[in-house]
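Presented below is the structure to which this report refers.
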Amino acid sequence: MMIHFCKSAVIMTQNRTVVDRIYGFFASMRLSLFLFGALAITSIFGTLIPQEITSEQRLRQFGPKLNALIELLDLGDMYHSWWFRLLLILLSANLIVCSMRRLPKTLKALRAGRKMMTPSRIEKMHLHGRVELPTSPQESKTLISNLLSSRFTKCVWQQQEGQYFAVAEKGRWGRLGVYFVHLSVLLVFAGALVGSLFGFRGFMTIPEKTSESHVHLRREGQVIPLDFEVRCDKFTVAFYDNGSPKEFRSDVSILVDGRVVKQAAIRVNDPFTFRGINFYQSTYGSQPTNIVLKLENVSNGKSQQLEVPFRQPITIPGSKDRLVIMDYADNIGNFGPAFYIGMARENQEPDSGWIVAKQPGFHGNRLDGLRINVLKYANSYYTGLEVKKDPGVWLIYLGFVLMLLSLIFALYQSHRRVWLALTPGQKGTAVHIAGNTNKHALAFEKDFQQLVHDIENMKPDSQRT
Amino acid sequence: MSSSLLLSIVTFTYLLAALCYGAGWLFRFKMAARLAIWTAWAGLLLHTAGIILRWVESYQLGFGHAPFANFYESLVFGAWAVVLIYLLTEFRYRNYALGVFPLGVAFLAMAYASFSPSVESKIQPLIPALKSNWLIAHVITCFLGYAAFAVACGLGVLYLIKKSRAAPANPGPGVLQHLPSIQTLDELIYQNVVFGFLLLSVGIITGSVWANSAWGNYWSWDPKETWSLITWLVYAFMLHSRMVRGWHGRRMAWLAIIGFFCVLFTYFGVNFLLSGLHSYAR
């Protein structure tokens, strides 16, 4: 029976130590400091290794050996890697456990600090002083309490057998501010989590006069359909005299079931929101539209005209030949604007090449036995919009506001306390004073000495009343 | 008078102030120290006027904006912030021995901005990305923070010199005697770091809110953003180690120096060595 009991006790203590150890690990300041350091040092790698490039580009830049290492450690996209996320999760756990463990202690210390101190205890404090006053303890009490009430927000007196004790304090929030700073960091993390779980981030390219209702996600490569259409009515770019850009502006209409319900202008720094989805001016470009080609068969002289969309393969009518306009350039080898066309004719090898638009007689304007001329085309802008839905942003902003307010308290509000004991002395009253603060010790020391000095030189003007 | 002439005058006013501070400190020449203080305040006043004048001039050119938009303007504002933070510290702690360092730094920054051929000093119109009221809040808070960290770093160096030279029995060479006591230096480092940390936090937050309104992304791990976070983490490390674990003295001084190297890299290194959203700041 006895042995059995011991065994279970041992198991119990073992269990407790394991839990305690884990708890202690997460509550330790050492972990916080380690995480600050680890996050800072690993982040440096993230700024040295380009994050948004493809693995081929990285292979060219770093060579096979270094690239293999980078891929192994996920350094090419390290801020989204499992180990960087783990560091952030550890930091959150550390913040929560640390705060949970310290908050009760802080509250207890705040309460305990209201206990009175005897002269002998006061003399054991680091910062203390002693003053002899000619007035009686009771008169001294009245005088001193006037002095204290002008310098501290809260002052409590106690009387015991002709002796008076006091505690005065100021700035209790200085001790609690840090917990709100920690809470604000957690709010920001929570906002980021909500955003990544329930939001998306992608882009839309919309040529002028056309509409688009699909968002291409950057990271996942997915396409998200919207329940409305965005039509780009007009894109304008304005320049300063020195040639630098002045304004990028997209005039858009929102269409629901084909009907325009809203119109807006989207500029850089001036986004537009519809149904919780935000649109930001991001890029722009120009692309050819209304391209009309003339195809002439070199061997039999037959020709035909047709309008070809940009970057969409078509089958040439009356044949099984396929054609696609793959690219456009403003100026190719000083021959002017040109289209890069791919051609796959029946029973022939596929061919591709640049077709010069403004010089119809150019000898290179032929592919697979077809002479190709660009009869007409127009240039139009397309706008590139960043599209984002982020239901976590309000949490982030709440965290920001809380962080700034509580940082001010945590960094600048010092919790100052003085304890006094007034006992009958040789001249009248012996005043023992001790002081304590949680920050700005040097400034407090000066103020404390000033307080002691002021008590010593109090004018007993209350006698007149 | 044009703002660039005014700012050139400021450059030499700071040089004069730095020399006077040096003379006052090294030769215990009281008149020089007094002259230094007056010159430094006068320089700051002219500097403020110069920045405001440049602001006005940009409106006269037809594309008015706050003068915080390119590398030249950021150097000028950085120097202004360093002098302001130093003079406030000096005013509060009534010690005039330290002025040679911050005024020297301000002089060098101003001289580099005004006379280096690689720094474009013309007032340029704002590119669309910078057209926001957040620009002013973001730049002012960041640079005041950087300036406080710069002063903390200088104090950290002085702390280490004074600590290594002055054993309790040997008060050290004359020049060190006139520095504030070890305890005061330690406290001053801490005070400046606290102020810098608060301002850097505001700077990062305003930048984040701005990025969200311009690009829809409050944090994109752009190198400048990341380096400002690294800096923030270093100072968070410093504040926690002091508040909770009670670190003082040498360790604080070293952390103040390391932290300021991160600030310098965030400011210069990222612009010149890495690319990203802030590349217009070249």
Selection count, segment A:387-407, where residues are surrounded by fewer than 18 Cβ atoms within 10 Å (Cβ to Cβ) and facing chain B (nearest Cβ under 7 Å)
1
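Hey, among B:Y14, B:Y21, which residue is in a helix (DSSP H, G or I), more than 22 Å from B:S116 (Cα to Cα), touching a helix residue (DSSP H, G or I) at 6+ places or on another chain (Cβ under 8 Å) and in contact (Cβ under 8 Å) with a residue 60 or more places away in the chain? I'd like the intermediate steps shown before the answer.
On the way: B:Y14 fails: more than 22 Å from B:S116 (Cα to Cα).
The match here is B:Y21.
Under the condition of being of a type in the set (V, I, T) and crowded, with 16+ Cβ neighbours inside 10 Å, which residue from segment A:225-255 is farthest from A:Y284 (Cα to Cα)? Give the steps one after another, and end with the answer.
Just the residues of segment A:225-255 that are of a type in the set (V, I, T), to begin with: A:230, A:236-237, A:252, A:254.
Filter once more, keeping what is crowded, with 16+ Cβ neighbours inside 10 Å: A:230, A:252, A:254.
Details: A:V230: 16, A:V252: 14, A:I254: 19 Å.
Here the residue is A:I254.
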Search result, residues across segment A:74-90 that are within 12 Å of another protein chain (Cβ to nearest Cβ) and either under 14 Å from A:E52 (Cβ atoms) or exposed (fewer than 12 other Cβ atoms within 10 Å of the Cβ) (or both):
A:D77, A:M78, A:Y79, A:H80
Taking segment A:256-273 and the residues there that are at the interface with another protein chain (Cβ under 9 Å from one of its Cβ atoms) and outside any strand (DSSP E or B), the one that is surrounded by the fewest Cβ atoms within 10 Å (Cβ to Cβ) would be A:N269
Given the options A:S253, A:S286, A:S282, name the one that is touching a Lys or Arg at 6+ places or on another chain (Cβ under 6 Å), in a strand (DSSP E or B) and closer than 30 Å to A:I325 by Cβ.
A:S253
Here's a check for you: in segment B:246-261, which residue that is closer than 19 Å to B:P180 by Cβ and among the small types (G, A, S) is modelled with the lowest pLDDT?
B:G249
Which condition number does A:S99 fail, the rest of (1) crowded, with 17+ Cβ neighbours inside 10 Å; (2) in a helix (DSSP H, G or I); (3) at pLDDT below 85; (4) not β-branched (V, I, T) being met?
(3)
If I ask for residues that are of a type in the set (G, A, S) and touching a residue at least 24 places away in the same chain (Cβ under 8 Å), which ones from segment A:133-179 would you list?
A:S136, A:S140, A:G162, A:A166, A:A168, A:G171, A:G174, A:G177
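Within the bounds of segment A:307-325, is there any residue that is within 14 Å of chain B (Cβ to nearest Cβ), assigned to a strand (DSSP E or B) and either under 27 Å from A:N379 (Cα atoms) or within 33 Å of the chain's Cα centre (by Cα) (or both)?
First, the residues of segment A:307-325 that are within 14 Å of chain B (Cβ to nearest Cβ): none.
No, that holds for no residue.
Here is a list: B:G50, B:G78. Which entry is surrounded by 18 or more Cβ atoms within 10 Å (Cβ to Cβ) and touching a Leu at 6+ places or on another chain (Cβ under 6 Å)?
Numbers: B:G78 fails: touching a Leu at 6+ places or on another chain (Cβ under 6 Å).
None of the others qualify; the one that does is B:G50.
A:L110 - would you say it is outside any strand (DSSP E or B) and touching a helix residue (DSSP H, G or I) at 6+ places or on another chain (Cβ under 8 Å)?
Details: outside any strand (DSSP E or B): yes; touching a helix residue (DSSP H, G or I) at 6+ places or on another chain (Cβ under 8 Å): yes.
Criteria met by A:L110.
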Test result for A:D351, out of contact with any helix residue (DSSP H, G or I) (no Cβ under 6 Å at 6 or more places or on another chain) and closer than 27 Å to A:K234 by Cα:
no
Tell me, which residue of segment B:191-207 that is out of contact with any His (no Cβ under 8 Å at 6 or more places or on another chain) and more than 9 Å from every other protein chain (Cβ to nearest Cβ) is farthest from B:T89 (Cα to Cα)?
B:I204
Being more than 8 Å from chain A (Cβ to nearest Cβ) and polar (S, T, N, Q) is the filter; apply it to segment B:208-228 and report the residue that is surrounded by the most Cβ atoms within 10 Å (Cβ to Cβ).
B:S228
Residues located in segment A:354-380, provided they are touching a Gly at 6+ places or on another chain (Cβ under 7 Å) and either within 18 Å of A:T289 (Cβ to Cβ) or within 13 Å of chain B (Cβ to nearest Cβ) (or both):
A:A357, A:K358
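Residues are listed down the side, and each one gets a yes or a no for (1) surrounded by 18 or more Cβ atoms within 10 Å (Cβ to Cβ); (2) within 30 Å of B:I127 (Cβ to Cβ); (3) of a type in the set (A, V, I, L, M):
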{"position": "A:L295", "(1), (2), (3)": "yes, no, yes"}
{"position": "A:S299", "(1), (2), (3)": "no, no, no"}
{"position": "A:D330", "(1), (2), (3)": "no, yes, no"}
{"position": "A:S352", "(1), (2), (3)": "no, no, no"}
{"position": "A:P360", "(1), (2), (3)": "no, no, no"}
{"position": "A:H363", "(1), (2), (3)": "no, no, no"}
Search segment B:113-130 for residues that are free of Cβ contacts under 8 Å to residues at least 40 places away in the same chain and pair each with any residue that is in a loop (DSSP other than H, G, I, E, B) when their beta-carbon atoms are under 6 Å apart and the residues are at least 6 apart or on different chains.
B:P128/A:V268
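Of these, A:P391, A:P360, which one is touching a residue at least 60 places away in the same chain (Cβ under 8 Å) and part of a loop (DSSP other than H, G, I, E, B)?
Answer to the selection: A:P391.
Mind counting the residues in segment A:157-177 that are among the charged types (D, E, K, R) and either within 16 Å of A:I455 (Cα to Cα) or exposed (fewer than 13 other Cβ atoms within 10 Å of the Cβ) (or both)?
In the first step, residues of segment A:157-177 are kept if they are among the charged types (D, E, K, R); the result is A:161, A:169-170, A:172, A:175.
Those left that are additionally either within 16 Å of A:I455 (Cα to Cα) or exposed (fewer than 13 other Cβ atoms within 10 Å of the Cβ) (or both): A:161.
So the answer is 1.
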List, please: which pairs have Cβ atoms under 8 Å, are six or more places apart or on different chains, and start with a residue in segment B:241-269 that is touching a residue at least 12 places away in the same chain (Cβ under 8 Å) and part of a loop (DSSP other than H, G, I, E, B) and end with one that is acidic (D, E) and buried (at least 16 other Cβ atoms within 10 Å of the Cβ)?
B:H248/B:D186; B:G249/B:D186
Going through (1) surrounded by fewer than 16 Cβ atoms within 10 Å (Cβ to Cβ); (2) farther than 24 Å from A:N436 by Cβ; (3) modelled with pLDDT under 85 one by one, A:L197 fails only at (3)
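Tell me the residue from B:F77, B:F71, B:F107 that is more than 30 Å from A:K246 (Cβ to Cβ) and more than 14 Å from chain A (Cβ to nearest Cβ), please. So that I can check it myself, show each step before the final result.
Values: B:F77 fails: more than 30 Å from A:K246 (Cβ to Cβ); B:F71 fails: more than 30 Å from A:K246 (Cβ to Cβ).
Of B:F77, B:F71, B:F107, the one residue that is more than 30 Å from A:K246 (Cβ to Cβ) and more than 14 Å from chain A (Cβ to nearest Cβ) is B:F107.
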Check off (1) at pLDDT below 85; (2) surrounded by 12 or more Cβ atoms within 10 Å (Cβ to Cβ); (3) within 14 Å of another protein chain (Cβ to nearest Cβ) for A:I277 and give me the number that stays unchecked.
(1)
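The values are calculated or read from the model by the stated rules, or taken from the named source; none is laboratory data. Since this is a predicted model, take the numbers as computed values, not measurements. In this analysis, Cβ positions are derived from the backbone assuming ideal geometry, glycine residues included, and neighbour counts consider all displayed protein chains.
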